[in-house]
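Below: the structure, in structure tokens.
The values are calculated or read from the model by the stated rules, or taken from the named source; none is laboratory data. Just so it is clear, the structure is predicted and the values come from calculations on it, not from any experiment. Because the Cβ atoms are built from the backbone with ideal geometry, glycine has one as well, and the counts that use them run over all protein chains shown. Only protein heavy atoms, including side chains, enter the accessible area calculation; ligands, DNA and RNA are left aside. Shrake-Rupley method; radii C 1.70, N 1.55, O 1.52, S 1.80 Å.
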Amino acid sequence: MLPAVKNYFQKTTSAAPLAVFRVFFGTMMLISIVRFSLHGWIYKLYIEPKFFFSYYGFHWVQPIGNYTYLIFIVCGIASLCVALGYKYRIAIILFFLSFTYIELMDKTTYLNHYYFISCVGFLMIFLPANAYFSIDAYKNPTRAFLRVPRWTIDSIKFLLGTVYFYAGLAKLNSDWLFHALPLKIWLPSKYDLPILGDLLQQEWVLYIFSWSGAIYDLTIPFLLLYKPTRWFAFALVVIFHVLTRVLFPIGMFPFIMIVSSLIFFDAGVHQRIIRFISRLFRIDYSRIISKTNEKSYRYKRSLALPVVGIFLGIQLLFPWRYALYPDELFWTEEGFRFSWRVMLMEKAGFAEFTIKDMETGQKFMVDNDDFLTPFQEKQMSFQPDFILEYAHFLGNHFKEQGHKNVGVFVKSYVALNGRLSQPYIDPNVDLMKEKESFKHKNWILPFNDEIKGL
Amino acid sequence: MKYLKFGSIVVAFLFVLSSCKSNDSNESTDNFDRGAMLANWADNIIIPAYTSFDSKVNDLKTKTNEFTSNPTEGKLQDLRNSWEAAYVSFQNVSMFEIGKAEELRFRNRLNVYPTDVPQIEGFISSGTYNFDLPSTIDAQGFPALDYMINGLGENDTEILSFYTSNANATGYKNYLQKLSETISSQTDEVLTSWTAGYRDVFVANTASSALGAVDKFTNAYIFYYEKALRAGKVGIPAGVYSNGVLPQNVEAFYKKDISKELLMQALDATQNFFNGKKFGGSANGPSYKTYLDYLNTIKNGEDLSVLINNQFDAARAKINTLKPNFVEQIATDNSKMLETFDELQRNVVLMKVDMVQALNIAIDYVDADGD
């Protein structure tokens, strides 16, 4: 290893930023889970539907009826324990597993934000986030440390930076930059916002939003890293995310991003946050300090660093897998998910399925309402992997009902970023004969336009 | 110092942006006003359509009473005419499943077909039934009335005998009366809710979210067009969703010769609504059409309102090729039914996919937008 690199990995830094990150992350997650259940979404999304869309290879992850509530309870308690730093290692593992399980139950609800939380949860398993300002450290002073390896904090910065930067790269396409799409679709309908509502009707304003969004995503990691611009960058983070919260129904995510970007600040800022929290909850700050070990945290086994290294490496490479597929990414969505393509397109579709007896030629159409919720139907109708999975579900369902020689065909139309809808899936292909795989789905009809860009 | 410069440029830019706000709000009177569209819908279309329907329904109730107090062939014919007029008029309000109508499941209460004859006969012979129970929806409304005045026998004499010489003639008369009364009381309830407050709630709810009136109403409107009009009136009886045709699922199955009229009325009503045409008048107000045209000035996209109107016209042309009696049409040449279904279908795509996207209508209240 190069001396400089080796030197870097031996550097230590104050444990305070990591501790504050843990407290905020756990708290945010707890609020998210509570909010989710208060909206009645556990029932609506995971118990009410008759059928769930699975991620390829994760079909075994299914909601477990009324016990699904238990998974959310586990996830909520784990979040609280993470925030408190109580039995941290077990708590963060449980959090990661339960949260990821929830997300894998039905891909209808896929959001980049949720994937981001799973990624952070996984990363935090390997970080000594309970070394400071935690119940663990308070109860066992031999585990309390003032300093932690510097790379542990940098790994979070790296992940956050990747999310922003890749989201920015994804915006460098002709629809976003030269047609202000999909913002032209989304923003004019927010006409009822005070002051902003009128502005959002102006075409030039929509271009400014598009361009500044792209510039923001591409530059913010660097503005946060560079000390002289840091406060200014943080102000931008707040403005940007508050704006997205006002404009789009994206729940807790903006607040999660705002508190997460605090990780870029120096230890001093975090010490002040810790003192503030201590005062707020009447915690004796001096006693926490007095128990803290002057030495810095050292990993006993050398497993953490390689795992985190490989994980971050995957994060860097995985989003580029779309380049291996032919055709337009926005149209086929092959390699679209898990690549920080956030708020990039507006897609809507219509898909009606025909069940055909391949011998007699008898056929009938399916009413999607019999099997899917409106939300599921919406998401299904413009994503090929959903369409294929649903077609197989329908085929098997009607086979069980006694239909023979079942073939499943779909008539579908999709509109992408305001273009007029066009046929989406080859209506002559028997989807029962097609299997899900990582290969290109050649039964997706070509996109009659071109979107230039990365 | 470079960063400071950059910072000040951005800050200055933000100032410019915020100062524009106050200037622009004066000249931005050309903004599309969802509130004005909702007001046009409520004041010029929905409430007048319900008012007109309500008077037809009251007449239906009167004619039913006149018939049951003195069942003659002439009174039966009067009742039929009144039923037909009300049924046609219903096609103008069936799409407004929001507010009280949504709460009552108005469309289901008034127009689930085919009607359940064994259940009706069971209710008549037992004399006990509660139309508020969801299990009774296919024994009430216009289709049940259709059976009671057109389907009980082969001819008028036979039908009349159920109300005169039948051992349980009182039971039949009571059931008939109850059917008309229920339609009437339900309609009164919906109309009253609109005129006594809901109108203002509806018009004021201009939010652009799944809970906003425009989004909710649009989902209901497209659902009606897709499921009740396209599938219910044409697709299901033509056998699109089954192995083989289902002529018994035709709307107004016992009357037989008005299924085309009902479909046409429904198509006209949905198209007029799309264009914001005043009910019973000719003036057009703010509507989906004007909203799409307005958005098009921002987006420079396809002229969606023209495409949708053309498609309505194309569907109308196909409907015109059909026989008045769909049972007969299905028996003689079902392909015309299927062609009509296909023409109606294209507008489902244009409205459910393209229009919903253009208007940015939310279908559900979850964290999901554009990601």
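Taken together, the residues in segment A:197-206 that are facing chain B (nearest Cβ under 7 Å) and in contact (Cβ under 8 Å) with a residue 12 or more places away in the chain amount to 2. Looking across segment B:268-294 at every residue that is assigned to a helix (DSSP H, G or I) and hydrophobic (A, V, I, L, M, F, W, C), the one that is nearest to B:R346 (Cα to Cα) is identified as B:F274. Based on what the data block shows, is A:D192 assigned by the TED database to the domain that holds A:Y216, among the acidic types (D, E) and open to solvent by 10 Å² or more (accessible area, probe 1.4 Å)? In short, yes. Taken over segment B:138-164, the criterion of being touching an Asp or Glu at 6+ places or on another chain (Cβ under 9 Å) and either open to solvent by 50 Å² or more (accessible area, probe 1.4 Å) or free of Cβ contacts under 8 Å to residues at least 40 places away in the same chain (or both) is satisfied by B:D138, B:A139, B:A144, B:L152, B:T157.
For segment B:302-336, filtered to residues that are in contact with a helix residue (DSSP H, G or I) (Cβ under 7 Å, 6 or more places away or on another chain) and within 14 Å of another protein chain (Cβ to nearest Cβ), the residue that is farthest from B:L263 (Cα to Cα) is B:D303. Can you tell me which of A:I102, A:I71 is crowded, with 17+ Cβ neighbours inside 10 Å, of a type outside the set (G, A, S) and more than 14 Å from every other protein chain (Cβ to nearest Cβ)? On inspection, the qualifying residue turns out to be A:I71.
Hey, does segment B:350-369 have a residue that's touching a Phe, Trp or Tyr at 6+ places or on another chain (Cβ under 6 Å), at the interface with chain A (Cβ under 10 Å from one of its Cβ atoms) and under 26 Å from B:Y113 (Cβ atoms)? The answer is yes; a qualifying residue exists. Scan segment B:338-356 and give yes if some residue there is buried (at least 22 other Cβ atoms within 10 Å of the Cβ) and over 20 Å from the mean Cα position of the chain (by Cα), otherwise no. Yes, segment B:338-356 has at least one match.
Answer yes or no as to whether A:I92 is at pLDDT 95 or above, touching a strand residue (DSSP E or B) at 6+ places or on another chain (Cβ under 9 Å) and either open to solvent by less than 40 Å² (accessible area, probe 1.4 Å) or not in a helix (DSSP H, G or I) (or both). So A:I92 fails the test.
Just one of the listed residues (B:T297, B:T290) is of a type outside the set (F, W, Y), open to solvent by 60 Å² or more (accessible area, probe 1.4 Å) and within 21 Å of B:T206 (Cβ to Cβ), namely B:T297.
When segment A:235-248 is filtered for residues that are more than 7 Å from chain B (Cβ to nearest Cβ), of a type in the set (A, V, I, L, M, F, W, C) and open to solvent by less than 30 Å² (accessible area, probe 1.4 Å), the ones remaining, listed by number, are A:V237, A:L247. Going through segment B:35-86 one residue at a time, which ones are small (G, A, S), open to solvent by less than 60 Å² (accessible area, probe 1.4 Å) and farther than 22 Å from B:S259 by Cα? If the condition is that a residue be small (G, A, S), open to solvent by less than 60 Å² (accessible area, probe 1.4 Å) and farther than 22 Å from B:S259 by Cα, then B:G35, B:A36, B:A39, B:A42, B:G74 are the ones that fit.
The residue pairs whose first member lies in segment B:20-43 and is at pLDDT 95 or above, whose second member is buried (at least 16 other Cβ atoms within 10 Å of the Cβ) and of a type in the set (V, I, T), and whose beta carbons are closer than 7 Å, counting only pairs six or more residues apart or on different chains, are B:L38/B:V203; B:L38/B:T206; B:L38/B:V214; B:A39/B:V203; B:A42/B:V203. Every test in (1) modelled with pLDDT of 95 or more; (2) in a loop (DSSP other than H, G, I, E, B); (3) over 19 Å from A:C119 (Cβ atoms) is passed by A:I31 save one, and that test is (2).
Is there a residue being open to solvent by less than 30 Å² (accessible area, probe 1.4 Å), under 30 Å from A:K44 (Cβ atoms) and in contact with a Leu (Cβ under 6 Å, 6 or more places away or on another chain) anywhere in segment B:357-370? So far as segment B:357-370 goes, yes, one or more of its residues are open to solvent by less than 30 Å² (accessible area, probe 1.4 Å), under 30 Å from A:K44 (Cβ atoms) and in contact with a Leu (Cβ under 6 Å, 6 or more places away or on another chain).
Counting only helices (runs of 4 or more DSSP H) that fall entirely inside segment A:328-416 and contain at least 2 residues that are more than 8 Å from chain B (Cβ to nearest Cβ) and of a type in the set (G, A, S), the qualifying elements are A:384-400. Sub-9 Å Cβ pairs linking a first residue in segment A:354-373 that is open to solvent by 50 Å² or more (accessible area, probe 1.4 Å) to a second residue that is assigned to a loop (DSSP other than H, G, I, E, B) and of a type in the set (G, A, S), at least 6 apart or interchain, are A:Q362/B:G244, ordered by first then second residue.
Every condition in (1) modelled with pLDDT under 95; (2) more than 14 Å from every other protein chain (Cβ to nearest Cβ) is met by B:L211 except one, and the failing one is (2).
Hey, among A:S296, A:S302, A:S278, A:S290, which residue is over 25 Å from B:M355 (Cα atoms), free of Cβ contacts under 8 Å to residues at least 40 places away in the same chain, open to solvent by less than 80 Å² (accessible area, probe 1.4 Å) and away from chain B (no Cβ under 14 Å)?
Answer to the selection: A:S278.
Of all residues in segment A:249-272, those being open to solvent by 20 Å² or more (accessible area, probe 1.4 Å) and within 9 Å of chain B (Cβ to nearest Cβ) number 3.
Quick grid of which residues meet (1) more than 27 Å from the chain's Cα centre (by Cα); (2) farther than 30 Å from A:A170 by Cα; (3) of a type in the set (A, V, I, L, M, F, W, C):
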{"site": "A:Q383", "(1), (2), (3)": "no, no, no"}
{"site": "A:L388", "(1), (2), (3)": "no, no, yes"}
{"site": "A:V414", "(1), (2), (3)": "no, no, yes"}
{"site": "A:S421", "(1), (2), (3)": "yes, no, no"}
{"site": "A:K433", "(1), (2), (3)": "yes, yes, no"}
{"site": "A:S437", "(1), (2), (3)": "no, no, no"}
{"site": "A:P446", "(1), (2), (3)": "yes, no, no"}
{"site": "A:D449", "(1), (2), (3)": "yes, no, no"}
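Consider A:W211 carefully, then state whether it is surrounded by fewer than 18 Cβ atoms within 10 Å (Cβ to Cβ), assigned to a helix (DSSP H, G or I) and touching a residue at least 24 places away in the same chain (Cβ under 8 Å). Against the criterion (surrounded by fewer than 18 Cβ atoms within 10 Å (Cβ to Cβ), assigned to a helix (DSSP H, G or I) and touching a residue at least 24 places away in the same chain (Cβ under 8 Å)), A:W211 qualifies. Tally the residues that are within 19 Å of A:Y138 (Cα to Cα) and open to solvent by less than 10 Å² (accessible area, probe 1.4 Å), restricting the search to segment A:18-43. Here the count works out to 5. Sort out which residues of segment B:274-295 are within 14 Å of chain A (Cβ to nearest Cβ), in contact with a helix residue (DSSP H, G or I) (Cβ under 7 Å, 6 or more places away or on another chain) and of a type outside the set (D, E, K, R), and write them in order of number. Answer for segment B:274-295, where residues must be within 14 Å of chain A (Cβ to nearest Cβ), in contact with a helix residue (DSSP H, G or I) (Cβ under 7 Å, 6 or more places away or on another chain) and of a type outside the set (D, E, K, R): B:P286, B:Y288, B:Y291, B:L292, B:L295. Scanning segment A:52-68 for residues that are part of a loop (DSSP other than H, G, I, E, B) and crowded, with 16+ Cβ neighbours inside 10 Å gives A:F52, A:F53, A:S54, A:Y55, A:V61, A:P63. Taken over segment A:330-355, the criterion of being acidic (D, E) and within 21 Å of A:W320 (Cα to Cα) is satisfied by A:E333, A:E334. Of B:V240, B:V245, B:V201, all but one fail to be within 14 Å of chain A (Cβ to nearest Cβ), open to solvent by 20 Å² or more (accessible area, probe 1.4 Å) and at pLDDT 95 or above; the exception is B:V245.
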